[in-house]
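Novice: One structure coming up, written as structure tokens, with questions to follow.
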Amino acid sequence: MPGSFKTEGVVLRSIRYGEADRILHLYTADRGRVNAIAKGSRRPKSRFGGRLEPFFRLDLMLHEGRSDLCTVTGASTVDGYSGLRSDGSAIDSAARGCDAVLRLLDSVDPNRPAYNLLCRYLSMLDDGARLRAEGREAPGPDPRALGLAFRLKLALAAGFAPELGACARCGEREGIVSFSGAAGGVVCGSCEAGGFPISAEAHRFMVAAIGRPIAELPPASESALRQVERAIGDTLSHHAHVNLRAVA
């Protein structure tokens, strides 16, 4: 029903529209994907200030009318992730993460695990950027591993997680040697046709990324991470018909 509603949300994309407006692609805690217009938000004295930029986490007041676009009537900052915004690599990682959310989650149904994951990912990028700015090494996984773990968990939240516990074709739990995007997961030696070889290290990383908190990833070599990225890409291409940008 048309009317006003409150929700928390993250700005995934902000597009200039007309002389003074913005079109926003939002991912919200209670309404899933929401597209909205913020009228007059680009005027110098706009009440929204600069908080309608990508990666801002906001408390929003929105009005839902007959248009496909809601109208933003109020917005206050929950977290602006200011550390992230001063670090080029963190900005790039955040942009690719938000792009993955845009491509994978287009439903208006709420998906709180996906929303919480997005907020946690932005917070970890922000923390890492702050520590680097202070000349300190950020604890936890490196940005590439973190980005891949985020995508795996996002695929799980979207319903496209690959099968990792047994051969996706025959159910055999031993002799896993390959990964098949078409089959939807790891495959054994008898079913490997059409897949690509996957190392035990890459397999372990994927299992940990799905099953552990995003900050508790095992170390993985560059070659293993390349296999993980290919596995995620092949799975989403075959089953979600989505091609994501490479992880930064």
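Novice: In sequence order, what are the phi-derived ³J(HN,Hα) couplings for region 35-50 according to the Karplus relation 6.51 cos²θ - 1.76 cosθ + 1.60 with θ = phi - 60°, rounded to whole Hz, with x for glycine and proline?
Specialist: Karplus values, whole Hz, x for Gly and Pro: 9, 9, 10, 10, 6, x, 6, 9, 6, x, 9, 4, 5, 7, x, x.
Novice: Identify, among 208, 165, 195, the residue whose Cα sits farthest towards the positive end of the charge dipole of the chain, taking +1 on the Cβ of Lys and Arg and -1 on the Cβ of Asp and Glu, with the dipole about the Cα centre.
Specialist: Of the listed residues, the answer is 208.
Novice: Can I ask one more? So if I restrict to the alpha-carbon atoms in region 1-139, what is the Rg, and what is Dmax, the biggest pairwise distance, in Å?
Specialist: Considering region 1-139 through its Cα atoms, Rg and Dmax are 15.2, 52 Å.
Novice: Highest mean first, how do 139-145, 163-169 rank when packing is the count of other Cβ atoms within 10 Å averaged over residues?
Specialist: Details: 139-145: 16.7, 163-169: 18.9.
Descending mean neighbour count gives 163-169, 139-145.
Novice: On full extension of the chain, what length is gained from residue 131 through residue 107, given 0.36 nm per residue of separation minus the C-alpha to C-alpha distance?
Specialist: Numbers: separation 24, 0.36 × 24 = 8.64 nm, distance 3.56 nm.
In short, 5.1 nm is gained.
Novice: Which three semi-axes in whole Å describe the equivalent ellipsoid of the chain, each the square root of 5 times a Cα gyration tensor eigenvalue, listed largest first? Please report the intermediate quantities before stating the final value.
Specialist: On the way: eigenvalues 267, 91, 35 Å².
Each semi-axis is the square root of five times an eigenvalue, giving 37, 21, 13 Å.
Novice: Where is the GNM fluctuation largest for the chain (alpha-carbon springs, 10 angstrom cutoff): 31, 85, 103?
Specialist: Largest GNM mean-square fluctuation: 103.
Novice: Next up: Taking the Cα atoms of region 183-248, report the difference between the largest and smallest coordinate on each principal axis, in whole Å and largest first.
Specialist: That gives 33, 27, 21 Å along the principal axes, largest extent first.
Novice: In the chain, which helices (entire DSSP H runs) extend 27 Å or more along their own long axis, judged by Cα positions, while averaging at least -1.0 on the Kyte-Doolittle scale? All intermediate terms of the calculation are to be shown ahead of the outcome.
Specialist: On the way: long enough: 112-133 (31 Å, -0.23).
In the chain, the long hydrophobic H runs are 112-133.
Novice: Another question, then. Please state the charge dipole magnitude for the chain, taken about the Cα centre, from unit charges on C-beta atoms (+1 on K and R, -1 on D and E), reported in debye and rounded to the nearest 20. Please list the in-between numbers first.
Specialist: On the way: 32 positive and 28 negative charges, 181 e Å.
My answer is approximately 880 debye.
Readers should treat all values here as calculations from the given coordinates under stated rules, not as data from a laboratory. Model, not experiment: these values are computed from the prediction. Cβ atoms come from the backbone with ideal geometry, glycine included; neighbour counts cover every protein chain shown.
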